[in-house]
Amino acid sequence: QVQLVESGGGLVQAGGSLRLSCAASERTSVRYAMGWFRRAPGKEREFVAAIRWSSGDTTIENSVKGRFTISRDNAKNTVWLQMNSLKPEDTAVYYCAAGDPAAVTRSYAYDYWGQGTQVTVSS
């Protein structure tokens with residue numbers, strides 16, 4: 001059973017930056033991808049970004065492209081989400097997940113989830 005622990009959330013002013021971390025308790029299968037999702041108040045969970053462990057290939061949601069980047073450190077079993085130029089509409093609980101790389105933008109493709117970390121962007 002893989003456990004994922006997110007950290008790095010907090011309160012930041014619009015235009016600021018945050019870096020979220022996701023640490024896996026053990027090395028997930030090399031075929032897996034790691035993804036970030038978010039859920040804003042009153043909204044459904046949505047895909048943000050994903051990265052494949054083996055290749056490092058990334059997929060970024062259009063609404064955050066150019067502002068957010070995802071990276072990984074295989075040796076540390078850790079994935080990061082660097083968030084720059086934050087906007088109030090980025091306010092949400094951010095979740096890390098591990099799943100099947102064939103459908104990285106779909107939440108149903110992910111087998112393991114973290115507990116989430118709150119990101120609040122003030123205007």
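The values are calculated or read from the model by the stated rules, or taken from the named source; none is laboratory data. Predicted, not measured: the structure shown is a model, and the values here were computed from it. Neighbour counts are summed over all protein chains in view; Cβ atoms, including those assigned to glycine, are modelled from backbone coordinates with ideal geometry. Heavy atoms of the whole protein, side chains included, go into the accessibility calculation; ligands, DNA and RNA do not. Shrake-Rupley method; radii C 1.70, N 1.55, O 1.52, S 1.80 Å.
Here are the numbers for this structure:
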| read-out | value |
| --- | --- |
| Tabulated pairs, region 72-100, first under 16 Å from E46 (Cα atoms) and at pLDDT 95 or above, second among the charged types (D, E, K, R) and open to solvent by 30 Å² or more (accessible area, probe 1.4 Å), C-beta under 6 angstrom, 6+ apart or interchain | A92/R39; V93/R39 |
| Out of A92, A98, sole residue that is open to solvent by less than 20 Å² (accessible area, probe 1.4 Å) and over 23 Å from L11 (Cβ atoms) | A98 |
| Residue satisfying all of: in region 1-27; of a type in the set (G, A, S) and farther than 21 Å from P88 by Cβ; least open to solvent (accessible area, probe 1.4 Å) among these | A24 |
| Breaking point among (1) closer than 19 Å to A109 by Cβ; (2) at pLDDT below 95; (3) within 14 Å of the chain's Cα centre (by Cα), for S29 | (3) |
| Residues (at pLDDT 95 or above and either open to solvent by less than 10 Å² (accessible area, probe 1.4 Å) or more than 15 Å from T105 (Cβ to Cβ) (or both)) located in region 52-70 | V64, G66, R67, F68, T69 |
| Test: residue in region 98-112 that is among the hydrophobic types (A, V, I, L, M, F, W, C) and in a loop (DSSP other than H, G, I, E, B) | yes |
